[in-house]
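Remarks on the structure that follows.
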Amino acid sequence: MRIGQACKVIAQGRGDRVIVATMGAMFALDALGVAERRLSSVPLMGGAASLALGLSLARPDIGTIVIDGDASLLMQLGGLVSVADNRPQRLLHFVVHNGTQFTGASNLAVPGGQDVDFCAMASAAGYRGAHRFDSLEALTDAMPALLQEAGPTFVTLVVEPETSQFGSERPQPEMPDRQFARMGIEAEHLAGWYAETVPEHAQ
């Protein structure tokens with residue numbers, strides 16, 4: 001399973017939920033043209049789950065989908081406990097488990113590689129459900145049921161690392177300024193969309 005394939009299945013099946021993504025998933029969603037109801041966790045590496053938790057608590061009627069990275073999640077594992085403690089019923093948390101950091105660029109090895117059991121961590125933190133998929137077909141088949149589960153629900157996606165584009169002979173270029181401003185821009189658009197979808201009983 002490739003990250004672009006997984007993100008396509010998630011984006012097409014998300015229903016009304018907001019997607020909070022980080023690292024490789026951000027770029028995969030960009031390539032797919034997914035622009036609406038998104039929030040990118042950058043430059044807040046590791047903060048995707050916490051951002052989604054805040055959105056889920058503010059609008060539990062809409063809910064969120066997190067597309068996390070394995071290296072990102074390892075940076076802020078405490079976020080699992082915060083999410084589980086608040087028990088947002090419509091939060092679905094995916095982690096892209098490819099064993100690399102900055103995949104497709106420098107492909108640095110993630111501590112623990114493919115041996116880290118993120119589902120066990122999420123279950124121990126208190127997530128209501130935890131699943132692992134290593135094929136696109138299995139993810140596609142399971143997506144409708146995952147959206148119906150009472151969350152928070154955690155899903156490990158075993159994904160092939162993308163081929164590294166950069167190295168000693170081809171240095172990685174600097175990230176454009178927009179990459180570090182996009183979270184604020186997307187947050188403004190998301191706030192406007194939320195304002196348009198306030199339930200009548202809350203007005």
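Read-outs throughout are calculated quantities, based only on the coordinates presented, and are distinct from any laboratory measurement. Fair warning: this is a prediction, and the values are worked out from it, not measured in the lab. Using ideal geometry, Cβ is built from the backbone for each residue, glycine included, and neighbour counts are taken over all protein chains shown.
The table below gives the values:
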quantity	calculated
Angstrom value of the Kirkwood radius, inverse mean 1/r, which spans all Cα pairs in segment 1-67	11.9
Karplus-derived 3J(HN,Hα), 6.51/-1.76/1.60, for each residue of segment 19-36, Hz, glycine and proline x	9, 10, 10, 9, 6, x, 5, 4, 6, 5, 5, 4, 5, 7, x, 7, 10, 8
Fewest-first sequence of 40, 135 by Cβ atoms within 10 Å of each Cβ	135, 40
Under-5 Å amide H pairs with residue 155, H placed in peptide plane, nonlocal only	93, 94, 95, 131
Residues residue 188 and residue 150, FRET efficiency given R0 of 41 Å [Cβ-Cβ distance, rounded to 0.05]	0.85
Nearest-0.05 FRET efficiency for residue 195 and residue 45, computed from C-beta distance (R0 30 Å)	0.55
Taking 30, 68, 115 and counting other C-beta atoms within 10 Å, the order from fewest to most	115, 30, 68
Per-residue Cβ neighbour rank within 10 angstrom, fewest leading, 188, 169	169, 188
